[in-house]
Amino acid sequence: MSSLPSSKSSFRRATQGCCALMLAGAMVLPMTPALAQDTAPVTNISVPNAPVADTASPVSQDVTDGPSFTIDYGEGAALYTDEYNEITVRGTGLTKEWREQHGKAVLYIAATEYHPDNVEPSRSVRFFEEGWRFPIADDGTFEAELTIRYGDLESFYTPAYGVPYFRGEDVHYEIGILTVGEDQPWPTIEDIWARKNVAIHKPIYTRRHPEIIGAHWRYDPLKDTTKDQELMIKGEGFSAYELPGREGVMYTIREKGTGTPVLLMSEMERYYERSDGVMALWGNAVYRTIKIPANTLDPSKQYVLEAWSDYGYVNQTDKTLITPIVGLAPEHRGVLMGRQDLKFEGLEEFTNVSLPKPKYKHLFSKLSDEEQQQRATRGELAAALYLQAGAPKVNLPAVSPWPDVKTTDPN
């Protein structure tokens, strides 16, 4: 067992170690664009390793003349894959004669065939047919207002080697115009990669929204609570900087109320060490499943869903992690990273979670260096141990059992 602190400074450090991690700063998301800036339009470019064209479906055409366009991202600097947004595409060249020759014009936003090593290429794509959102004037000019909501486009590549819920590099996207002839089947993303009937395409800025600070998550509705079930929580926006704890983050469910014990918890989403030595989460995301045995939750009661980091190790010898534990209140077992009332109907959209105000601000010592070198009193040491135990409720006796300690003593 480690020795007890013997000075004011050492006991102060012990209490700070217990509580300072509760004072995590603002969480900032990366803002690096996934692609280079819009470049000059490129038409009919062959993609290395593209799938062999299926000549029967759809019919390939030599679409080299005609349209050009520019992209207006509005108030933002990119198309945000984690936020509702609208972009405006303005262009020329889609004359009636051109469309009669090549087919109906369709705007698309699609993941590129590029993908990092050891991951599958994203198949995410959105189509916008000519019409109300994509009107074309008689002279072939157009101004299309495209709405993209969260979930319409994937944010991250999915790995091929089966790591569960891995969130790594951002997906790369392009925007373009293709044509669909009468009686032709609708194109697939493989057709886009093979440039079948693609008249024009160019890279498009995509990135996560810089103003979404802090964690937000969503999950499906809870099923029949009288049966076993699994609840997947898809959490994003966890800070890539100053992450508390040593190993990772997990979710817990407990009945609403101060000091209520943990009922359920997920496995840990573990940190990785970046090249600069900073501990981070892949994609700043925590996608984890909580297994809920039958009759554990009562729909007539209120519960809270929380994200907790581990607190580190009990000591440096056995490397036993201090994490939330089923049956115990979690406050002294980890660092709270987000909290929200659990909704049995689920959360269809990502919703920001709250982080309680920092606790124990008074523990930061205002003593001088000389005062901090003085030996800690028995009362100060008792207060430090009390806080390390999670500040449990104590029923004080009417008469002090110690002759030199009064019942009015603050410690």
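The values are calculated or read from the model by the stated rules, or taken from the named source; none is laboratory data. The structure displayed is predicted, hence computed values, not measured ones. A quick note on method: Cβ atoms are made from the backbone with ideal geometry, for glycine too, and the neighbour counts reach across all protein chains shown.
Overview of results
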read-out: Residue match in region 75-93 (condition: of a type in the set (Ser, Thr, Tyr), more than 26 Å from residue 150 (Cα to Cα), at pLDDT below 90 and in a loop (DSSP other than H, G, I, E, B)); value: no
read-out: Set 112, 147, 158: member being modelled with pLDDT of 90 or more and not hydrophobic (A, V, I, L, M, F, W, C); value: 112
read-out: Enumeration of residues in region 401-411 that are surrounded by 10 or more Cβ atoms within 10 Å (Cβ to Cβ) and either among the hydrophobic types (A, V, I, L, M, F, W, C) or farther than 15 Å from residue 378 by Cα (or both); value: 405
read-out: Residue 128 in a loop (DSSP other than H, G, I, E, B), aromatic (Phe, Trp, Tyr) and at pLDDT 90 or above; value: no
